[in-house]
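Report on one structure; see the data block that follows.
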Amino acid sequence: MSCTTILVGKQASYDGSTIIARDDDSGSGRYDPKRFIAVAPNNQPRHYRSVLSHVDIDLPDDPCRYSIVPNVLPNRGVLAEAGVNEHNVAMSATETIAVNERVLAADPMVELQEDGTPGGIGEEDIILVLPYVATAREGVARFGALLEQYGTYEANGVIISDVDEIWYVETIGGHHWIARRVPDDCYATIPNQLGIDSFDLADAFGEQREHLCSADLREF
């Protein structure tokens, strides 16, 4: 089946836990085997190069321990799109979404060029976030900063959670993004389409209780 996300706030779950889940879509007759990897801080590289888009990124010097489930075969990229770190920050990526032509005209997707110009980050690059954050909000901020700096070649929805909060991030064009916090007493089911159907800019540029976004989103 197609990717489907389920998010459950801590007051909507039976035992007070935040719950996130997502299935990974697969075409008929195709299965991508996964492997489980636990990465210790001293084994985390200090430089990252994506398989698909050739983005080169220097990484911070203070990673934490984390676990991920990348593909066994790298033909579709690293695709370590689900994981959790030692601070109980969890991520899963991605829901495939779409962006309209007016947005893409103003902020096009980043494409890999024949001259070797990198093509931004995408679903395979979740491990750029997980080792360096201690809360879900920090995860949203880091993911957003990477999008603003390097751009993306695809439109995606990304889950980031911790024991208290669940955030859902959606990319807008090549370099912009919005994020909403799932209310504690609510749950959400999100298929492969845009899931954030309303957004409070006043909160995003004010108290940031339930909304976050790229720094220039209001002007954009």
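The values are calculated or read from the model by the stated rules, or taken from the named source; none is laboratory data. Everything numeric here is computed off the predicted structure, so don't read it as measured data. All Cβ positions, glycine included, derive from the backbone under ideal geometry; neighbour counts span all protein chains shown. With ligands, DNA and RNA removed, areas are computed over all heavy atoms of the protein, side chains included. Shrake-Rupley method; radii C 1.70, N 1.55, O 1.52, S 1.80 Å.
Give me a count of the residues in region 66-95 that are touching a residue at least 60 places away in the same chain (Cβ under 8 Å), part of a loop (DSSP other than H, G, I, E, B) and open to solvent by 20 Å² or more (accessible area, probe 1.4 Å). So that I can check it myself, show each step before the final result.
Of all residues in region 66-95, those touching a residue at least 60 places away in the same chain (Cβ under 8 Å) come to 66, 68, 82, 87-95.
Subset that is part of a loop (DSSP other than H, G, I, E, B): 87-89.
Pick out the ones that are also open to solvent by 20 Å² or more (accessible area, probe 1.4 Å) and you get 87-88.
Result for region 66-95: 2.
Give L217, L194, L147, L212 a once-over and let me know the one that is surrounded by 15 or more Cβ atoms within 10 Å (Cβ to Cβ) and assigned to a helix (DSSP H, G or I).
Numbers: L217 fails: assigned to a helix (DSSP H, G or I); L194 fails: assigned to a helix (DSSP H, G or I); L212 fails: assigned to a helix (DSSP H, G or I).
Result of the check over L217, L194, L147, L212: L147.
Could you tell me which residue of region 97-111 is nearest to S2 (Cα to Cα), considering only residues that are among the hydrophobic types (A, V, I, L, M, F, W, C) and either touching a Leu at 6+ places or on another chain (Cβ under 8 Å) or open to solvent by less than 60 Å² (accessible area, probe 1.4 Å) (or both)?
Filtering region 97-111 for residues among the hydrophobic types (A, V, I, L, M, F, W, C) gives 97-99, 103-106, 109-110.
This time we only want the ones that are either touching a Leu at 6+ places or on another chain (Cβ under 8 Å) or open to solvent by less than 60 Å² (accessible area, probe 1.4 Å) (or both), so: 97-99, 103-104, 109-110.
Numbers: I97: 12, A98: 15, V99: 18, V103: 25, L104: 24, M109: 23, V110: 25 Å.
Checking each candidate, the answer is I97.
Name the single residue that is nearest to S67 (Cα to Cα) among those in region 4-37 being at pLDDT 95 or above and small (G, A, S).
S17
Select from region 96-131 the residues that are of a type in the set (A, V, I, L, M) and in a loop (DSSP other than H, G, I, E, B) and list them in ascending order.
Residues of region 96-131 that are of a type in the set (A, V, I, L, M), as a first pass: 97-99, 103-106, 109-110, 112, 121, 126-130.
I97, A98, V99, M109, V110, L112, V129, listed by residue number.
Answer with yes or no whether V51 is open to solvent by 40 Å² or more (accessible area, probe 1.4 Å) and over 20 Å from the mean Cα position of the chain (by Cα). Even if it seems obvious, please write down each step before you answer.
Values: open to solvent by 40 Å² or more (accessible area, probe 1.4 Å): yes; over 20 Å from the mean Cα position of the chain (by Cα): no.
No.
Answer with yes or no whether I196 is free of Cβ contacts under 8 Å to residues at least 40 places away in the same chain and within 21 Å of T18 (Cβ to Cβ). Steps first, answer last, please.
Values: free of Cβ contacts under 8 Å to residues at least 40 places away in the same chain: yes; within 21 Å of T18 (Cβ to Cβ): yes.
So I196 passes the test.
When residues of region 174-191 are filtered for being open to solvent by less than 30 Å² (accessible area, probe 1.4 Å) and under 17 Å from L217 (Cα atoms), how many remain?
So the count comes out to 5.
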